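A.B. asks: A single structure is presented below for examination.
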Amino acid sequence: MRVLKSITAAYDRVIGYFAVVAGVLIVSAMLIITLEVVLRRFFALPQRWVVETTEYIMVWTAFLAAAWILRREGHVRVEIVANHFTRRAQAVIGIVVSLIGAALCIVIAVYGSEVVWDFFQRGIRMGTTMAPLKAPFLTIIPIGSILLILQFIRRTGGYVQKLRAGRTGQEQASGGGV
């Protein structure tokens with residue numbers, strides 16, 4: 001149990017760190033775009049690298065922050081519908097949705113890893129002005145997906161606990177089984 005707690009704490013630190021890096025990247029993108037606007041508008045010096053760089057930042061930001069956002073239940077959800085279900089039904093739906101999310105992230109992680117490895121081996125470059133190697137920019141996709149898989153599994157466990165707690169509460173209230 002102690003080992004599991006330390007692994008969980010380490011995982012939480014990693015996704016927290018990634019969320020901070022994502023925040024720094026967003027601020028960096030804002031500053032870069034502001035610089036571009038000022039240089040273009042007042043000095044007629046457009047910077048070709050700005051749009052490309054901010055595109056890379058947006059991909060990295062999404063995959064760096066996704067697991068942290070999921071841990072905080074910050075993803076979009078239709079609560080107006082979900083709130084009409086019983087707690088038991090909400091837990092079951094949460095389990096199903098979490099398992100589907102984990103399965104989809106497994107597909108993304110596996111496929112993403114294959115693509116990154118292929119691009120790395122072949123030295124594929126982006127077809128853009130700066131023409132950097134693609135593999136380093138795409139590595140965040142399988143990494144972020146793996147972190148999401150872990151968070152979806154963790155989330156599933158949380159819903160299972162809620163489901164069990166609901167059954168226990170019902171058993172006590174009714175004096176027997178569900």
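The values are calculated or read from the model by the stated rules, or taken from the named source; none is laboratory data. Since the model is a prediction, treat every value here as computed from it, not as a measurement. So basically every Cβ, Gly included, is an ideal-geometry build from the backbone, and we count neighbours across all protein chains shown.
A.B. asks: Looking at region 7-16, can you tell me whether even one residue there is touching a residue at least 24 places away in the same chain (Cβ under 8 Å), of a type in the set (A, V, I, L, M) and assigned to a helix (DSSP H, G or I)?
C.D. replies: Among the residues of region 7-16, at least one is touching a residue at least 24 places away in the same chain (Cβ under 8 Å), of a type in the set (A, V, I, L, M) and assigned to a helix (DSSP H, G or I), which makes the answer yes.
A.B. asks: Quick check: anything in region 45-60 surrounded by 12 or more Cβ atoms within 10 Å (Cβ to Cβ), touching a helix residue (DSSP H, G or I) at 6+ places or on another chain (Cβ under 8 Å) and closer than 16 Å to T156 by Cβ?
C.D. replies: Scanning region 45-60, I find no residue that is surrounded by 12 or more Cβ atoms within 10 Å (Cβ to Cβ), touching a helix residue (DSSP H, G or I) at 6+ places or on another chain (Cβ under 8 Å) and closer than 16 Å to T156 by Cβ, so the answer is no.
A.B. asks: Within region 86-103, count every residue that is surrounded by 15 or more Cβ atoms within 10 Å (Cβ to Cβ) and of a type in the set (A, V, I, L, M, F, W, C).
C.D. replies: Residues flagged as surrounded by 15 or more Cβ atoms within 10 Å (Cβ to Cβ) and of a type in the set (A, V, I, L, M, F, W, C) within region 86-103 amount to 6.
A.B. asks: Please note which helices (runs of 4 or more DSSP H) are completely contained in region 49-146 and include at least 1 residues that are more than 14 Å from the chain's Cα centre (by Cα) and over 30 Å from L31 (Cβ atoms). Give the derivation first.
C.D. replies: Working: elements: 49-71, 79-82, 87-122, 134-138.
Where helices (runs of 4 or more DSSP H) fall fully within region 49-146 and carry at least 1 residues being more than 14 Å from the chain's Cα centre (by Cα) and over 30 Å from L31 (Cβ atoms), they are 79-82, 87-122.
A.B. asks: In region 62-85, is there at least one residue being farther than 21 Å from A19 by Cβ and surrounded by 15 or more Cβ atoms within 10 Å (Cβ to Cβ)? Steps first, please.
C.D. replies: Going through region 62-85, the residues farther than 21 Å from A19 by Cβ turn out to be 78-85.
Now drop any that are not surrounded by 15 or more Cβ atoms within 10 Å (Cβ to Cβ), which leaves none.
Scanning region 62-85 turns up no residue that is farther than 21 Å from A19 by Cβ and surrounded by 15 or more Cβ atoms within 10 Å (Cβ to Cβ).
A.B. asks: I143: surrounded by 16 or more Cβ atoms within 10 Å (Cβ to Cβ), at pLDDT 95 or above and either under 27 Å from Y17 (Cα atoms) or in contact with a Leu (Cβ under 9 Å, 6 or more places away or on another chain) (or both), yes or no?
C.D. replies: Details: surrounded by 16 or more Cβ atoms within 10 Å (Cβ to Cβ): yes; at pLDDT 95 or above: yes; either under 27 Å from Y17 (Cα atoms) or in contact with a Leu (Cβ under 9 Å, 6 or more places away or on another chain) (or both): yes.
Yes.
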